[in-house]
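The values are calculated or read from the model by the stated rules, or taken from the named source; none is laboratory data. The structure displayed is predicted, hence computed values, not measured ones. Don't worry about glycine lacking a Cβ; one is built from the backbone with ideal geometry, like all the others, and counts go over all protein chains shown.
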Amino acid sequence: MAHEHKLEIFRGLWKFKSNTQKIWGVLAFLTLVTAVEVVLGIYKPAVLTGTYVLGMKLLNWIFIILTLVKAYYISWDFMHLRDEKSALRRAIVWTPIFLVLYLVFILLVEANYIFEIYKDGFVKWNF
Amino acid sequence: MDTTVTTEIKENAWGGGNRPLGASYGKLMMWFFLVSDALTFSGFLAAYGFSRFKFMETWPIADEVFTHVPFFHGNYPMIYVAFMTFILIMSSVTMVLAVDAGHKMKKNAVIWYMFATIIGGAIFVGSQAWEWATFIRGDYGAVETKGGRILQFVDAETGNRVALADFAKTIPSERVAHKENNGIWFYGEGTRTSFTVNEVIEGFKANPSLAIKTETINEEGEKVVLSRQESLSKLADASQVVEGANLIHNEYGSRLFADFFFFITGFHGFHVFSGVVINLIIFFNVVLGTYERRGHYEMVEKVGLYWHFVDLVWVFVFTFFYLV
């Protein structure tokens with residue numbers, strides 16, 4: 001069993017004396033990220049909702065990136081992926097990422113196409 | 001068999017005790033399950049994204065749907081879901097602390113951390129049940145047009161939602177109960193609402209301060225409020241009153257929103273529930289000293305993986321359902 005833990009996060013920027021301390025440190029960070037998300041979600045700054053990056057609001061990009069950051073720390077530190085062999089880690093992480101990116105790409109492009117048809121095509125939607 | 005063994009371990013590869021990738025059999029199988037479950041949830045969320053992109057301009061705004069906090073009146077968007085998220089992260093922390101205590105063979109610490117985890121999970125499931133109940137009951141009520149669009153009522157000046165009960169007139173009318181002998185026998189009677197469409201329409205005409213909010217989202221990302229004249233002509237299409245949400249009607253807007261809400265948070269809630277049950281089983285095993293006798297607490301680690309996964313999924317559900 002992997003009893004030894006790697007006791008640093010943020011690429012060694014934040015080091016801990018014990019595994020218990022690292023857990024509380026990660027909790028503090030996750031709480032902070034969630035709080036930032038909620039505050040942004042309630043106030044929705046006009047600067048972020050008005051700016052579009054790659055066809056999506058900047059605010060939504062921020063939400064998605066913060067979510068991935070949270071997912072990283074949950075799986076790396078709570079699920080101990082940080083302490084597993086890198087081959088196992090890659091097998092677990094990249095398999096879903098590849099499949100999900102593919103699925104999401106296909107579905108969203110198709111949905112956007114249907115949206116355009118409803119909007120500009122000859123299908124009457126405004127009953 | 002000796003020709004198939006390529007590891008440095010001198011044991012028989014099929015006799016057990018062999019640990020590919022340095023992880024035990026049980027943990028590897030848990031990871032197999034979690035990856036496939038992650039793909040299932042991804043499928044649901046991708047389907048949600050599909051429907052949302054398809055109806056991009058009419059999709060409900062989550063901030064306007066989930067505005068309630070138990071025991072408090074008023075408009076508090078996001079607050080309660082944020083609380084639920086924190087509860088789940090917190091129970092993830094107590095779980096990982098239990099795993100850590102298990103590595104150090106501290107039985108009592110494992111018991112208390114597992115207990116805290118179970119309590120956290122129970123609070124989360126309870127909160128989700130409350131959220132469902134609130135969503136199903138609805139708050140202001142709306143009318144549905146013949147084409148299936150939802151029209152909500154707002155104060156024309158402030159833009160605040162107005163409940164049907166605040167303006168609908170009471171018009172006495174005869175109601176004929178639908179029975180097999182006076183109607184089509186295989187049709188049910190349908191749900192009775194607090195007001196008839198006629199009562200709502202007459203009440204709307206009598207209150208000049210009211211206007212109608214449509215499902216359409218404008219450039220600023222807000223729902224379009226019609227002028228008084230447009231509202232009156234739109235209301236002529238009204239076909240029925242909708243209070244609350246179910247799989248067929250949804251007073252908050254697109255019915256697909258309600259369908260996905262029930263489906264995705266329901267599936268996640270089911271995971272939390274089963275997680276609590278599995279945690280309870282392991283909890284009792286810890287109390288009985290099963291793992292103390294076995295010499296290691298790996299079972300706690302394995303249910304811990306499942307529990308963290310439930311938290312991980314919620315992080316994504318939270319983002320795609322409530323934030324984005």
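Annotations for the structure displayed:
- Taking the criterion of being touching a residue at least 12 places away in the same chain (Cβ under 8 Å) and either within 17 Å of B:Leu97 (Cα to Cα) or under 20 Å from the mean Cα position of the chain (by Cα) (or both), the residues of the range B:272-291 that qualify are B:Val272, B:Phe273, B:Gly275, B:Val276, B:Asn279, B:Leu280, B:Ile282, B:Phe283, B:Val286, B:Val287, B:Tyr291.
- When B:Val276, B:Val287, B:Val310 are screened for being part of a helix (DSSP H, G or I) and touching a His at 6+ places or on another chain (Cβ under 6 Å), only B:Val310 passes.
The rows are residues; the columns are (1) outside any helix (DSSP H, G or I); (2) of a type in the set (Phe, Trp, Tyr); (3) more than 9 Å from chain B (Cβ to nearest Cβ); (4) surrounded by 13 or more Cβ atoms within 10 Å (Cβ to Cβ).
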| residue | (1), (2), (3), (4) |
| --- | --- |
| A:Ile62 | no, no, yes, yes |
| A:Leu66 | no, no, no, yes |
| A:Ile74 | no, no, no, yes |
| A:Arg82 | no, no, yes, yes |
| A:Ala87 | no, no, no, no |
| A:Thr95 | no, no, no, yes |
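- Verdict on A:Trp61 being touching a strand residue (DSSP E or B) at 6+ places or on another chain (Cβ under 7 Å) and without any contact (Cβ under 8 Å) to a residue 24 or more places away in the chain: yes
- Test for B:Tyr291: is it within 30 Å of B:Leu151 (Cα to Cα) and either at pLDDT 95 or above or hydroxyl-bearing (Ser, Thr, Tyr) (or both): no
- B:Glu64 among the charged types (D, E, K, R), part of a loop (DSSP other than H, G, I, E, B) and surrounded by fewer than 19 Cβ atoms within 10 Å (Cβ to Cβ): no
- Number of positions in the range B:29-46 that are touching a residue at least 12 places away in the same chain (Cβ under 8 Å) and facing chain A (nearest Cβ under 7 Å): 2
- Qualifying residue in the range B:249-271 (condition: modelled with pLDDT under 95, in a loop (DSSP other than H, G, I, E, B) and surrounded by fewer than 21 Cβ atoms within 10 Å (Cβ to Cβ)): yes
- Scan the range B:58-80 for residues that are of a type in the set (Gly, Ala, Ser) and more than 14 Å from the chain's Cα centre (by Cα) and the total you get is 1.
- Verdict on B:Asp139 being under 30 Å from A:Ala35 (Cβ atoms) and of a type in the set (D, E, K, R): yes
- Filter pass, B:Leu232 being in contact (Cβ under 8 Å) with a residue 12 or more places away in the chain, part of a helix (DSSP H, G or I) and not assigned by TED's automatic domain parsing to the domain that holds B:Trp112: yes
- Residues that are over 17 Å from A:Ser18 (Cβ atoms) and of a type outside the set (A, V, I, L, M, F, W, C), drawn from the range B:103-120: B:Lys107, B:Asn108, B:Thr117, B:Gly120
- Here is the figure for the range B:80-107: residues that are within 14 Å of A:Ile74 (Cβ to Cβ), within 9 Å of another protein chain (Cβ to nearest Cβ) and not aliphatic (A, V, I, L, M) total 3.
- If you filter the range B:168-191 down to residues that are closer than 19 Å to B:Arg137 by Cα and either touching a helix residue (DSSP H, G or I) at 6+ places or on another chain (Cβ under 7 Å) or loosely packed, with under 10 Cβ neighbours inside 10 Å (or both), you find that the one that is modelled with the lowest pLDDT is B:Gly190.
- Hey, B:Lys234 over 25 Å from B:Val125 (Cβ atoms), among the basic types (Lys, Arg) and under 27 Å from the mean Cα position of the chain (by Cα) or not: no
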